[in-house]
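For reference, the structure discussed in these notes is given below.
Read-outs throughout are calculated quantities, based only on the coordinates presented, and are distinct from any laboratory measurement. Just so it is clear, the model here is predicted, and its values are computed rather than measured. Note that we place each Cβ from the backbone using ideal geometry, even for glycine, and neighbour counts take in every protein chain shown.
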Amino acid sequence: MAKDTHPLSDGVRMLKAWIPAHGFTATSFAEQKGIDRIALYRVLNGERKRISIDFAAAVERATDGEVDALTFQRAPSPVPSRIRRPRRAVGA
C-alpha cells in the first residue's frame, strides 16, 4: 500500500540539505542530536502532514539555529483561481 505524502515545507527542504552538508546521515543526525529517528524519517519523506512545535524546536537546536523552527510552518492555501467581485448596490 502506498503511503500518503504531503508537500514539503521550507524547513523540511532545508533540513534535507543541512543533514548531508554537515556530514550526517538521517540516522546519525537523529542519534547524535537526540531526535526520534522514525519521526525524522517520516518528516523527511513527507509522511507527516503536521510537524509539532517540539520537533521543529528540537531541529532548530540541533542545527544551531540554521534551520529555524518557523520554517516548518505550512504556507497558507493559495488564492482561489476565481475571486468573486462584490455585488453592486441596486441603483448605483
Note: among GLU31, GLU66, just one is over 21 Å from THR5 (Cβ atoms), part of a helix (DSSP H, G or I) and of a type outside the set (Phe, Trp, Tyr), namely GLU31
Per the filter on segment 4-48, residues of a type in the set (Phe, Trp, Tyr) and either loosely packed, with under 15 Cβ neighbours inside 10 Å or on the phi > 0 side of the Ramachandran plot (or both) are TYR41
